[in-house]
Number of protein chains: 2
Amino acid sequence: MIGLGLIGGSVLRALAAAGHRVLGYDADPATRATARTASAKVQEDHRWQVTASIGDTVRAADLVVIAVPLPAVGAVLDEINGHTGLVTDVTSVKGPIRNNVTARFVGGHPMAGRERSGFAASDGTLFDGCAWALCLEQETALDDWLTVAALVTGLGARVVPTTADEHDRAVAAVSHVPHLVASALAGVAGRDKLALTLGAGSFRDGTRVAATRAALVAAMCGGNAAAVRDALDALLTELTEARRLLDDDDPISALPGWLDEGGATRRAWPTRAGEPQAMAAEPDALRELGRAGGWVTAVAADRGSVTVVRPAAGQAGSGGRPRAE
Amino acid sequence: MIGLGLIGGSVLRALAAAGHRVLGYDADPATRATARTASAKVQEDHRWQVTASIGDTVRAADLVVIAVPLPAVGAVLDEINGHTGLVTDVTSVKGPIRNNVTARFVGGHPMAGRERSGFAASDGTLFDGCAWALCLEQETALDDWLTVAALVTGLGARVVPTTADEHDRAVAAVSHVPHLVASALAGVAGRDKLALTLGAGSFRDGTRVAATRAALVAAMCGGNAAAVRDALDALLTELTEARRLLDDDDPISALPGWLDEGGATRRAWPTRAGEPQAMAAEPDALRELGRAGGWVTAVAADRGSVTVVRPAAGQAGSGGRPRAE
């Protein structure tokens, strides 16, 4: 494990608790000391080791997990250049990483986060039930993908097979643009002190992630600029249409039709799971599963099949039926 | 109390629990029956009465509270035309109401809400600590305003003195536009089933209010169209600027400056309270208090002064200092 922040520390804890032998490294000596001290506090067979260098962590590893911030990934990849084992990562943008990797690589992204950051906030149960995107590119060895998928489903996560491009488009819509919008909403409201005092639930939730460190949001959005541009353009088109409807002679009658698409989507979210089914472990079928909103919950021991869950009928996305009102 | 939905029912319960004699009416017979049954279940001196007509509720009332949906307010005002007592309301848009009222009127808006609606969701403690806007117009009798303010502070609410125009501008920014944005975000994401599966905290919170009934959102936004247009234009200007920065050669370096305004505002929110102070009950000073982000916590028995709270130094709005990171 390279990088022992919130996500790296949580993966470290979760893998160690699942019985894996785990070594961890962080560039910050204080974080290493914290992680070392924390290991002594968990039960003996759930402990991890903290090493003094990346080399010591990587040398004999079956799997290297890169959990450093996006701008630092390049330097880590340079440093482990020559490592012949399998490498994965947990970074929120997948295209730029994919383009810089030379090792055997399976790009990953657990959709988990917290208000607090750093090892002190890490939690081995953070991934229980969380969606964890795993990139299955044309060049990815299926066996490597299944190795990481088996490990990650073992932490309780729902593995979503995808590609770097499709992942980056999807998270632009559900994560990166929402961060930009939260910041814009908070910024506009902040010009009126009366508004801030009257702000309640819709303001609290609609702007929550505006408090995220600007450097982190800039790295996510700027590192995924092409997809974020497209998603932001789609949003601007929708909001411009709402703006037009507000000019209608009777906006109270004009707006509900516009509100229906988002309302139906949100009322059908989170996607409700269908029954688990077995499926042959085949790359095209796995990618198609991800596109359809499904995920993998287990990998068979012989690697020939996986257990998958698809959205319950009529429940995913804009195809979903609005709940009766 | 006219209208026994979530807010009306909660005001009814809270006033009755505070020792006031309360009569309630709702146009829906089933709601009246529910409210009547619920009264028998609370302790004897906290009960209310449910009447069979608006007239029976209003006839001897010291204060009439209108708590019906915005499109129904006009009909209720017509029906109580001739009532000479004091009238207030709890509607989310204040300008259209103000323009239709003939009685002695103090427009109000408690900034409280819930996912669920209806009397069954009502709760007498809903207003504890909540901001409750009360309109103090040039034509409002200060004594009437103080009567309602005393009642509402008695329910634990923070009374924010404002005018219909200033209120409507403020809630456009912190409530109405956030509802439109949530709907647009959900609608765009819903076109990609993969995105919905990968949606996590920022999507959940950023779109929560998209599940609100379309008719309710349309009534709020369409009933406040002029102010919502202005607030939406300000938001579109900000998002268009973010869109421009994503075209920068180095968006990761270009975005933080843009993110800072919203980040500083959100990190300083909710507004932290300064020490309570006494202030003369004077209309201009009260309106200025509301504009500065302050509120009233109590009305003196002699009506000559009020206890007020202002934002703690350096904490309100865009004047607030960003938290150290």
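If the condition is being modelled with pLDDT of 95 or more and either farther than 21 Å from A:Gly113 by Cα or in a loop (DSSP other than H, G, I, E, B) (or both), then region A:203-216 contributes only A:Thr207. Among the residues of this structure, A:Ala164 counts as one that is under 14 Å from the mean Cα position of the chain (by Cα), touching a residue at least 40 places away in the same chain (Cβ under 8 Å), more than 7 Å from chain B (Cβ to nearest Cβ) and surrounded by fewer than 24 Cβ atoms within 10 Å (Cβ to Cβ). Of the residues making up region A:149-161, those that are more than 15 Å from the chain's Cα centre (by Cα) and in a helix (DSSP H, G or I) are A:Ala150, A:Leu151.
Would a scan of region B:75-97 turn up a residue that is closer than 25 Å to B:Ala149 by Cα, surrounded by 23 or more Cβ atoms within 10 Å (Cβ to Cβ) and basic (Lys, Arg)? There is at least one residue in region B:75-97 that is closer than 25 Å to B:Ala149 by Cα, surrounded by 23 or more Cβ atoms within 10 Å (Cβ to Cβ) and basic (Lys, Arg).
Just one residue in the set B:Asp192, B:Asp230, B:Asp250 is under 30 Å from A:Ala292 (Cα atoms) and of a type in the set (Asp, Glu); that residue is B:Asp192. Residues that are basic (Lys, Arg) and at the interface with chain B (Cβ under 7 Å from one of its Cβ atoms) within region A:179-223 comprise A:Arg191, A:Lys193, A:Arg208, A:Arg213, listed in sequence order.
Of all the numbered requirements in (1) among the β-branched types (Val, Ile, Thr); (2) closer than 24 Å to A:Ser253 by Cβ; (3) within 16 Å of the chain's Cα centre (by Cα), B:Val65 misses one, and that requirement is (2). Of everything listed in (1) out of contact with any strand residue (DSSP E or B) (no Cβ under 8 Å at 6 or more places or on another chain); (2) of a type in the set (Asp, Glu); (3) under 25 Å from A:Arg21 (Cβ atoms); (4) in a helix (DSSP H, G or I), the single unmet condition for A:Asp144 is (1). The set of residues in region A:5-56 that are in contact with a helix residue (DSSP H, G or I) (Cβ under 8 Å, 6 or more places away or on another chain), aliphatic (A, V, I, L, M), within 18 Å of A:Pro69 (Cβ to Cβ) and touching a residue at least 60 places away in the same chain (Cβ under 8 Å) comprises A:Leu6, A:Leu12, A:Ala35. For B:Ala242, the conditions (1) in contact (Cβ under 8 Å) with a residue 12 or more places away in the chain; (2) more than 7 Å from chain A (Cβ to nearest Cβ); (3) more than 27 Å from A:Pro251 (Cα to Cα) are fulfilled apart from (2). Every condition in (1) within 30 Å of B:Glu238 (Cβ to Cβ); (2) in the same structural domain as B:Tyr25 (by TED's automatic domain parsing); (3) modelled with pLDDT of 95 or more holds for B:Gly113 except the one numbered (3). Would you call B:Asp128 of a type in the set (Asp, Glu), surrounded by fewer than 24 Cβ atoms within 10 Å (Cβ to Cβ) and within 14 Å of another protein chain (Cβ to nearest Cβ)? The answer is yes for B:Asp128. Before we move on, is A:Ala226 facing chain B (nearest Cβ under 7 Å), part of a helix (DSSP H, G or I) and over 15 Å from B:Trp269 (Cα atoms)? No: the conditions fail for A:Ala226.
The values are calculated or read from the model by the stated rules, or taken from the named source; none is laboratory data. Note that the coordinates shown come from a computational prediction; the quantities given were computed from them, not determined experimentally. Using ideal geometry, Cβ is built from the backbone for each residue, glycine included, and neighbour counts are taken over all protein chains shown.
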